[in-house]
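*Asks:* Quick one: this structure, given as structure tokens, is what I'll be asking you about.
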Amino acid sequence: MVRETNRHFKFDWITIILFLLLVGFGWLNILSASHTGDTINYFDFSQPYGKQLIFILLTFVLIVLILSIEAKFYERFSSIIYIISMLSLVGLFLFGKNVNGATSWYAFGGMTLQPSEFAKMATALAVAKFISDLNTDIKQFKDQIKTIIIIIVPAILVLLQNDTGSTVVYAAFFFVLYREGLPKIYLILGVLVLLLSVFTLKFGLLITAILCAVVITSLHFLFKRKRSILQSALALTCCLGLSYGVKFFYQDILKPHQQDRISLWLRLEKDPEKLQQMKKTFAYNLHESEKAISSGGVTGKGFLEGTRTTGKFVPEQHTDYIFSTVGEEWGFLGSSLVVLVFVLLLLRIIHLSELQKSQFSRVYGYSVAAIIFMHFLINIGMVMGLIPTIGIPLPMFSYGGSGLWAFTILLFIFIKLDSNRINEW
């Protein structure tokens, strides 16, 4: 084995700088969301901004550790890392601490650790290892099933802990599989299932059934030489079965607060007064978040000058709703800048992924980009009311040690793999 001292490494400083910009600006907004207008003691470690400062300092130690480990270590031990991560998720059912209805944390004295954040990194390593194996062909159905099992195991474990937000993130791996050769039919089916689900909830089973019948009948006659009546009948049966399943899942499986969030998003409630009451009762965070963002205007009210932020109108503003602080104090321009930095980071990771000489590094790089993108899309969409409310942090930005460290490990493993590219043939 070639020792690290005999190798040459070139770390991508563009990615590192973008990461530092997000972490630094995120801390400033955590500071804004935490203070109450009094004199600020930057080293008050009883406040969220003080605790986050400690997390950030420890992050630099973590970065040095990650970059000092041999690049091939992450590929060789990816399966072991995955197994350890799954065991940590299982252990939550025995030793986990319940916070806000979710049993997703281990408590160590005054600190908590959320293993579901680190499980995404472990899953990314495992997926990259399996797909890059010489005996794996993602175009083969049996290998597709094995890959899905790797992804779905942590997703189910996290879902059973009542952490819906983290569960949804695992859908990000679909983009990775598609890049590696997953047939387009899965993409088409995924979009159709999503549209059919939304249409069923919005307009009901009867109208959905009629629409499906009309569409499938039309397609049957347009492509009558390629499709039999049996195929069309089977397609219609599947559509109707899916619609019924969606309705059943919504009414009988989802919890009341989850139903309310979807109902508000799709405007399922027809009574204006009841809809307004639901907004005040079940979507208070979202309602106040939208008001905070809109009050910022083009240039914002200024750092530490956000009245709705200082007044604590938005609950959990330093965590899942941190972007509302950006909107109020930095305005449209500041919000656009944050979005731009995230987009540049994602594009940079994708660009570097395409330059990788090993499939393992490329798949892992795309996994990193997909996970960050899913968090970014859901969090900002949720804060602005574009998608249903799902508790999920903004990467490198929201308050929390587990989230910050998990994204640091996720990203800097890829930076280490990319730095080793010049040593690969």
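*Asks:* Got a number for the accessible area of Val153? Probe 1.4 Å, square angstrom, nearest 10.
*Replies:* Solvent-accessible area, nearest 10 Å²: 60 Å².
*Asks:* Per DSSP H run of n ≥ 4, the term is -39500 (n - 2.57); total these for the chain, divide by its residue number, and report the mean residue ellipticity at 222 nm rounded to 500 deg cm²/dmol.
*Replies:* Details: 18 runs with 291 residues, N = 425.
Taking each H run of at least 4 residues, the total per residue is -22500 deg cm²/dmol.
*Asks:* I've got another one for you. Hey, what's the chain come to in accessible area per residue, 1.4 Å probe, Å²? Before the final figure, lay out the partial values.
*Replies:* On the way: 21640 Å² over 425 residues.
The answer is 51 Å² per residue.
*Asks:* Something else: Could you identify which residue out of Pro393, Pro315, Pro256 has the top mean-square fluctuation in a GNM of the chain using Cα springs shorter than 10 Å?
*Replies:* Between Pro393, Pro315, Pro256, it is Pro256 that shows the largest mean-square fluctuation.
*Asks:* About its Cα centre, how strong a charge dipole does the chain have in debye, to the nearest 20, once Lys and Arg get +1 and Asp and Glu get -1 at the Cβ? If you can, show how the numbers build up before the last one.
*Replies:* Working: 36 positive and 27 negative charges, 279 e Å.
Using Cβ point charges on Lys, Arg, Asp and Glu, the chain gives about 1340 debye.
*Asks:* Separate question: With springs connecting C-alpha atoms under 10 Å apart, model the chain as a Gaussian network and identify which of Thr299, Thr309, Thr217 has the largest mean-square fluctuation.
*Replies:* Taking springs between Cα atoms under 10 Å, the residue moving most is Thr217.
*Asks:* Let me ask something else. In percent, how large is the relative contact order of the chain, given Cα pairs closer than 8 Å and 6 or more residues apart?
*Replies:* Working: 532 pairs, mean separation 114.7, N = 425.
Relative contact order comes out at 27 percent.
*Asks:* What residue among Ile84, Ile14, Ile253 has the largest mean-square fluctuation in a Gaussian network model of the chain, using Cα springs under 10 Å?
*Replies:* Highest fluctuation of the listed residues: Ile253.
*Asks:* Using a 1.4 Å probe over the heavy atoms of the protein chains, calculate the carbon and sulfur portion of the accessible area of region 298-425 as a whole percent.
*Replies:* Working: 2980 of 4250 Å².
It is 70 percent, rounded to a whole number.
*Asks:* Right, another one. What is the distance, in nm, between label points placed 7 Å from the Cα along the Cα-to-Cβ direction at Lys291 and at Ile14?
*Replies:* If labels sit at Lys291 and Ile14, their model points lie 4.3 nm apart.
*Asks:* Too long at a 20 Å Cα-Cα cut-off: which of Lys129/Lys357; Lys357/Lys416; Lys72/Lys146; Lys202/Lys255?
*Replies:* Lys72/Lys146
*Asks:* So, by mean Cβ neighbours within 10 angstrom, what's the order for 203-210, 378-385 with the highest one leading? Intermediate results must be reported in sequence, preceding the final value.
*Replies:* On the way: 203-210: 13.8, 378-385: 21.0.
Order by mean packing, descending: 378-385, 203-210.
*Asks:* A further question follows. Farthest toward the dipole's positive end in region 58-197, which of Tyr74, Val127, Thr103, given Cβ charges of +1 (Lys, Arg) and -1 (Asp, Glu) about the Cα centre?
*Replies:* Comparing the listed Cα positions along the dipole, Val127 ranks first.
*Asks:* Suppose accessible area is computed on protein heavy atoms with a 1.4 Å probe; arrange Leu87, Leu344, Leu411 from highest to lowest. Provide the component values of the computation, followed by the final result.
*Replies:* Numbers: Leu87 115, Leu344 80, Leu411 0 Å².
Listed by decreasing accessible area, they come as Leu87, Leu344, Leu411.
*Asks:* Fully extended, how many nm does the chain gain between Leu211 and Phe45 (0.36 nm per residue separation, minus their Cα-Cα distance)?
*Replies:* Details: separation 166, 0.36 × 166 = 59.76 nm, distance 5.85 nm.
Full extension from Leu211 to Phe45 adds 53.9 nm.
*Asks:* Pull the list of the chain cysteines that no other Cys approaches to under 4.7 Å, Cβ to Cβ.
*Replies:* Cys238 - these cysteines have no disulfide-compatible partner (Cβ-Cβ under 4.7 Å) in the chain.
*Asks:* On to the next question. Using the beta-carbon distance between Phe249 and Val99 and R0 = 25 Å, what value does 1/(1 + (r/R0)^6) give for FRET efficiency, to the nearest 0.05?
*Replies:* Details: r = 26 Å, r/R0 = 1.03.
Here the calculated transfer efficiency is 0.45.
The values are calculated or read from the model by the stated rules, or taken from the named source; none is laboratory data. Predicted, not measured: the structure shown is a model, and the values here were computed from it. Cβ coordinates were reconstructed from backbone atoms using ideal geometry, including for glycine residues, and neighbour counts include every protein chain displayed. Protein only, heavy atoms only, side chains kept; ligands, DNA and RNA dropped before computing areas. Shrake-Rupley method; radii C 1.70, N 1.55, O 1.52, S 1.80 Å.
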